[in-house]
Amino acid sequence: MSLPRARSLAKAAVGHVVVSRWGGGALRAVCGACYLAGMDLFVDPRNAGSGRGDPRPRRHSPPRPPDGGWAAWYLRDEDDVGEGTEQHITVRTLLAALSELARERGWARTLVAGDQFFAWVESEPLVRISPDVYLLDDPPTPPYPAMWRTWLEGQAAPRFAVEVVSDDWAKDYLHAPRKYDQLGTRELVIFDPEATLTRRGQRTVLQVFRRDADDALVRVETGEGPFYSAELDAWLVVQRGPAGHRLRIARDPAGADLVATADEVASALRLENSALRLENSSLHARVGALEAQVAELQTVIAVQKDLLEQQAAQLRDRDATIARLEAAIAARDATIARLEAAIAARDATIARLEAALVVADTRHVGLQTRVEALEAALTRLLGPA
């Protein structure tokens, strides 16, 4: 039965419409006649206390069956059909990212898993739900049970769960929030990757449910995100691309710092390894070029060394020649000194001889004068001849 037909039947048969706000601000009428289409009733938490009533039981109250009895919520093994390709990729990516986040945060006692039944009504074990992805704190020691029964010792409800909407989207939109409310999950995420492919207002890409002050699981976010997850202390980011919509976990609301999966880390490491190999090859080539330059420089240095040694030998020869010349100069200087001394002695002798000659000349002049005087005297004595 189509939704408009269900609305029409609801107005005619019940005369009562429960209004709930869904994605994009559109109003959607959901009523008792929806059960005729196989859908359950879930009232938007923002209408709680409005007089319309809230069918969800509180956790401290005994689980209450939906209209039509517990059988309406039975989930048999054959009902849990296989997931589509896009759903499988989204679930696998989320499981890998949550495993990495758990490792990063040190959640050693948190089980990251999915696609397992959780039952919470002991008398109705077929009343159960199978989260696509969940976090379970303090699980029992492995091996884990095939189905979690929360009434048993050590088997609690998952604190965080993700439902990736399948073809039967009404099951995830309408049944899932009430089931997780009774189960005791603290935070529920419903991701509908095909929401934008449907008529606007009928479905929404991302919904987040969280416990309120009354411990009821209420919807706190709806739209395209990003939305903060209190249980993960991280952000839920919807990635849009040609392959479809993917739900990712990020450390920032912009989605720039995504929590990488092991495959992504391995791929990044492979790329980094390839880059390192290229860089290594480049470095090897550079090292080869540098080694060639070093060899060339060593040759130049050897030639320069030979030249320096030749110059050193030449300098040594020059120093020896200089030493010999200095010795010859010293010997010449000594000879000159001796000659100068001899000349000085000769000059002294000449000076003495000259002095003696002057004295002799003086004496000669005196003697000549006396001779002339004697001759004059003699002439006077003798008279004229």
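If I ask for residues that are of a type in the set (V, I, T) and not in a strand (DSSP E or B), which ones from the range 160-188 would you list? Spell out the reasoning first.
Applying the first criterion (of a type in the set (V, I, T)) to the range 160-188 yields 162, 164-165, 185.
Correct list: V165, T185.
Test P242 against the stated conditions and say whether it is in contact with a Phe, Trp or Tyr (Cβ under 6 Å, 6 or more places away or on another chain) and either at pLDDT 85 or above or more than 18 Å from R92 (Cα to Cα) (or both). If you could, list the steps in order and put the result at the bottom.
Details: in contact with a Phe, Trp or Tyr (Cβ under 6 Å, 6 or more places away or on another chain): no; either at pLDDT 85 or above or more than 18 Å from R92 (Cα to Cα) (or both): yes.
Spelling it out, it is not the case that P242 is in contact with a Phe, Trp or Tyr (Cβ under 6 Å, 6 or more places away or on another chain) and either at pLDDT 85 or above or more than 18 Å from R92 (Cα to Cα) (or both).
Quick one: how many residues across the range 103-123 are surrounded by fewer than 15 Cβ atoms within 10 Å (Cβ to Cβ) and under 29 Å from the mean Cα position of the chain (by Cα)? Working first, answer last.
Quick first cut of the range 103-123, residues surrounded by fewer than 15 Cβ atoms within 10 Å (Cβ to Cβ) only: 103-106, 108-109, 115, 122-123.
Then keep just the ones that are under 29 Å from the mean Cα position of the chain (by Cα); that gives 103-106, 108-109.
Of the residues in that region, 6 qualify.
Give A295, A330 a once-over and let me know the one that is of a type in the set (G, A, S) and over 60 Å from the mean Cα position of the chain (by Cα).
Numbers: A295 fails: over 60 Å from the mean Cα position of the chain (by Cα).
Just a single option satisfies the conditions, and that option is A330.
Just the residues that are in contact with a strand residue (DSSP E or B) (Cβ under 7 Å, 6 or more places away or on another chain) and part of a loop (DSSP other than H, G, I, E, B), please, taken from the range 63-114.
If we filter the range 63-114 for residues that are in contact with a strand residue (DSSP E or B) (Cβ under 7 Å, 6 or more places away or on another chain), which is where we start, we get 70, 73-75, 86-87, 90-91, 93-95, 97-99, 101-102, 109-114.
L75, R109, G114 - these are the residues of the range 63-114 that are in contact with a strand residue (DSSP E or B) (Cβ under 7 Å, 6 or more places away or on another chain) and part of a loop (DSSP other than H, G, I, E, B).
Output yes when any residue across the range 217-229 is farther than 16 Å from L98 by Cβ, without any contact (Cβ under 8 Å) to a residue 12 or more places away in the chain and charged (D, E, K, R), and no when none is.
Looking through the range 217-229, none of the residues is farther than 16 Å from L98 by Cβ, without any contact (Cβ under 8 Å) to a residue 12 or more places away in the chain and charged (D, E, K, R).
If I go through the range 124-145 residue by residue, how many of them are under 40 Å from the mean Cα position of the chain (by Cα) and either among the hydrophobic types (A, V, I, L, M, F, W, C) or in a strand (DSSP E or B) (or both)?
6
What about R219, is it more than 38 Å from the chain's Cα centre (by Cα), surrounded by fewer than 23 Cβ atoms within 10 Å (Cβ to Cβ) and charged (D, E, K, R)? First the steps, then the outcome.
On the way: more than 38 Å from the chain's Cα centre (by Cα): no; surrounded by fewer than 23 Cβ atoms within 10 Å (Cβ to Cβ): yes; charged (D, E, K, R): yes.
No, not satisfied.
Of everything in the range 133-179 that's in contact with a strand residue (DSSP E or B) (Cβ under 6 Å, 6 or more places away or on another chain) and among the small types (G, A, S), which residue is surrounded by the fewest Cβ atoms within 10 Å (Cβ to Cβ)?
If we take residues in the range 133-179 being in contact with a strand residue (DSSP E or B) (Cβ under 6 Å, 6 or more places away or on another chain) and among the small types (G, A, S), then A176 is surrounded by the fewest Cβ atoms within 10 Å (Cβ to Cβ).
Being out of contact with any Cys (no Cβ under 7 Å at 6 or more places or on another chain) and either outside any helix (DSSP H, G or I) or modelled with pLDDT under 90 (or both) is the requirement here; does R363 meet it? Walk me through it before giving the result.
Numbers: out of contact with any Cys (no Cβ under 7 Å at 6 or more places or on another chain): yes; either outside any helix (DSSP H, G or I) or modelled with pLDDT under 90 (or both): yes.
Against the criterion (out of contact with any Cys (no Cβ under 7 Å at 6 or more places or on another chain) and either outside any helix (DSSP H, G or I) or modelled with pLDDT under 90 (or both)), R363 qualifies.
What is the residue count in the range 240-279 for residues that are among the aliphatic types (A, V, I, L, M) and touching a Pro at 6+ places or on another chain (Cβ under 9 Å)? Don't jump to the end; show me each part of the working.
Quick first cut of the range 240-279, residues among the aliphatic types (A, V, I, L, M) only: 243, 247, 249-250, 254, 256, 258-260, 262, 265-266, 268-269, 271, 275-276, 278.
Still in the list and also touching a Pro at 6+ places or on another chain (Cβ under 9 Å): 247, 250, 254.
Qualifying residue count, the range 240-279: 3.
Any idea how many residues of the range 156-175 are at pLDDT below 95 and either of a type outside the set (D, E, K, R) or more than 39 Å from the chain's Cα centre (by Cα) (or both)?
Adding up the residues that qualify gives 11.
On the given criteria, is E100 surrounded by 15 or more Cβ atoms within 10 Å (Cβ to Cβ) and charged (D, E, K, R)?
Details: surrounded by 15 or more Cβ atoms within 10 Å (Cβ to Cβ): yes; charged (D, E, K, R): yes.
Here the answer is yes, as E100 does meet what is asked.
Which numbered condition trips up A385, out of (1) modelled with pLDDT of 90 or more; (2) not in a helix (DSSP H, G or I)?
(1) is the only condition that A385 fails.
The values are calculated or read from the model by the stated rules, or taken from the named source; none is laboratory data. It should be emphasised that the depicted structure is a prediction, and the values quoted were computed from it without experimental measurement. Note that each Cβ is placed from the backbone with ideal geometry, even for glycine, and that neighbours are counted across all protein chains shown.
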